[in-house]
Structure formats: structure tokens, C-alpha cells
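The values are calculated or read from the model by the stated rules, or taken from the named source; none is laboratory data. Model, not experiment: these values are computed from the prediction. Reconstructed Cβ throughout: ideal geometry from the backbone, glycine too, with neighbour counts over all protein chains shown. Please note that ligands, DNA and RNA were not included when accessible areas were found on the heavy atoms of the full protein model with its side chains. Shrake-Rupley method; radii C 1.70, N 1.55, O 1.52, S 1.80 Å.
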Amino acid sequence: MPKPALDAGAKYSRVMLKISGEALMGDQGFGLHPPTVERVAREIQAVHDLGVEICMVIGGGNIFRGLAGSAQGMERTTADYMGMLATVMNALAMQSALEQLGVFTRVISAIPMDQVCEPYIRRRAVRHLEKKRVCIFAAGTGNPYFTTDTAAALRASEMACEAIFMGKNVDGIYDSDPKKNPEAKRYDSISYDDVLRDNLKVMDASAIALCRDNKMPLVVFALNEPGGFRGIMAGQGTYTLVHD
Ligand code: UDP
């Protein structure tokens, strides 16, 4: 099967970048690793320099996950709110790194915390994007029992993004874990339904279903390759495209 073009000519005007909190922790195993945050910020700057409007959702798993908290006896909704607060910390760290590179950025939280960042007002966020400010959507969806994958799918649709770019530490979706199985096969493209049927670990099921229902293409690529994000935007490098 021919490799699907991300887009002939690959001209994106507005995209969503989703990264997990773990993408910011470097080799530390926990928390934020400032040189790693700066490296990711440079990847974003390179795409911003192309004039692309950038939305971002960053997870919180490097600091706190609701499920892990509840497994240790904490009330689930409280644990989930802690997870959402963790995403705000990551968003602020990324804002700081981006602005040090001269990229104007707004952190927009689903849970209002006016002294820290802006509350989510859709039309205001769209205006920021039009002014070429990177918008980092923090605090997930604002609801427990969800994940930041769902937040990325939701905000990408609300902001009319053309695609969601999932920055991972592998260059796409494989039929089994490529770190454990050297024979693992990478898909060039795959349908939403196949991802759901085979329970492939790319996004949680509700987020995949939301992408499918809104026909939001998903591009899974490796964020740890320098220049990778900019290259992928031009349809270069290896990735998996999830579509209808
Ligand atoms: N979370 C939530 N609602 C949301 C988004 C996130 O309750 O809409 C909580 C949930 O506890 C989750 C944590 O925030 O475990 C961190 O987000 P996530 O696990 O998606 O982060 P990632 O794995 O992408 O780093």
C-alpha cells in the first residue's frame, strides 16, 4: 500500500500537538527536566516559525495520575483534580520555555485560576491563535474520569484544528511494543475502528472515538528526534496516520 500523504503539499494552518507529561521529565523518572522542556519548546518554535497556529495539550503523568492516586486509597475525583493541577504546572513550564525563545504563549485552563492563567473561553482562544500565540490548554477537560487525550481531541475540534499530532517516544503505532518485540510492525496508516478493535495504545478509547466522530486525523510521530515535528508537518519522516 502506498504511504499515505499527510496532505499533498502539506500545508497546515492550525494544528494540535499532544504530548504526555512524561515527555518533559527527561531521564529523571519524575517531574520536570528543564533542558528537556527547552528542547521540546525548540521543536514547537520551529513549527511556529512556519506560521502554523499551534494548540497544545500536555499531560500530567510526570507529576501525578488520578488512577495511581486512587489505587493508593485516595478518593478518585480528588486524585483526578490533582492530576489536572499537574497539567497546569507542565503548561506553565512550557510557556516559560517558549517565551524565553520569543514565542508568545497563553496558558488556558479548563479550571479557572485567574491569578495563574486564563480561563477557557473558546472565542478568546481562537483570537490568540489568529495572533499567532501558542495556546496551551491546561487542566484537561476540567472533569474527573477523563484524560488529557480526550482534552486534546475536544479542544482540537473546538479550535477547528486540521489534525492532532501525538508526539511520542516511538515513530508511530505498532502492532506490538517495539521496545519489547524487535519484529513489531509499524502501521503507515490505520483506521480509528482498527485502533479501537485491537486496543492499540495510542490514545484512550473515548479520545479515539471523539476523533473518529469528528473526523479529526491523528498523526503519531516521534518527538525525540531533533527537527522531527517540523519534518512531520512537511510529510517527511516516519509516522502513523489514523483516519477514517
Ligand atoms: N485528568 C482528569 N481529567 C481530564 C484530564 C486529566 O481527571 O480531563 C487527570 C487524570 O487523573 C489524569 C491526570 O489528570 O491521570 C494526568 O493526565 P494524563 O494521565 O492524561 O497525562 P499523560 O498520561 O498524558 O501525561
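Worth a mention:
- Simple spin-label estimate for Arg123 and Met74 gives 3.8 nm between the two label positions (7 Å along the Cα-to-Cβ direction from each Cα).
- Within region 62-158: Cβ-based charge dipole about Cα centre, in debye rounded to nearest 20 (Lys, Arg +1; Asp, Glu -1): 380 debye
- Separation of alpha-carbon centers, region 16-81 and region 229-244, rounded to whole Å: 21 Å
- The residues of region 71-133 expose, per residue, 56 Å² of accessible area to a 1.4 Å probe.
- Applying the criteria of a DSSP loop state and at most 14 other Cβ atoms within 10 Å to the trypsin sites (Lys or Arg not before Pro) of region 93-168 yields Lys131, Lys132.
- Cross-link reach is defined here as a Cα-Cα straight distance under 24 Å, omitting same-chain residues fewer than 8 places apart; for Lys180 the lysines meeting it are Lys168, Lys201.
- Calculated diffusion of region 146-244, Stokes-Einstein form, Kirkwood radius summed over Cα pairs, 25 °C and 0.890 mPa s, µm²/s: 180 µm²/s
- The chain: DSSP helices with Cα axial extent of at least 24 Å and average Kyte-Doolittle hydropathy no lower than -0.5: 76-100
- Paramagnetic label zone (point 7 Å from Cα along Cα-to-C-beta, Leu101; backbone N under 16 Å) in region 42-66: 42-58
- Restraint check, Lys18/Lys132; Lys11/Lys179; Lys11/Lys215, Cα-Cα greater than 22 Å: Lys11/Lys179
- Accessible surface of the chain, 1.4 Å probe: 52 percent of it comes from carbon and sulfur atoms.
- A Cβ-based charge dipole, computed about the Cα centre of the chain with Lys and Arg at +1 and Asp and Glu at -1, lands at about 480 debye.
- For the chain, the equivalent ellipsoid derived from the Cα gyration tensor has semi-axes of 25, 22, 18 Å, listed largest first.
- Note: relative contact order over the chain, using C-alpha pairs below 8 Å and six or more positions apart, is 22 percent.
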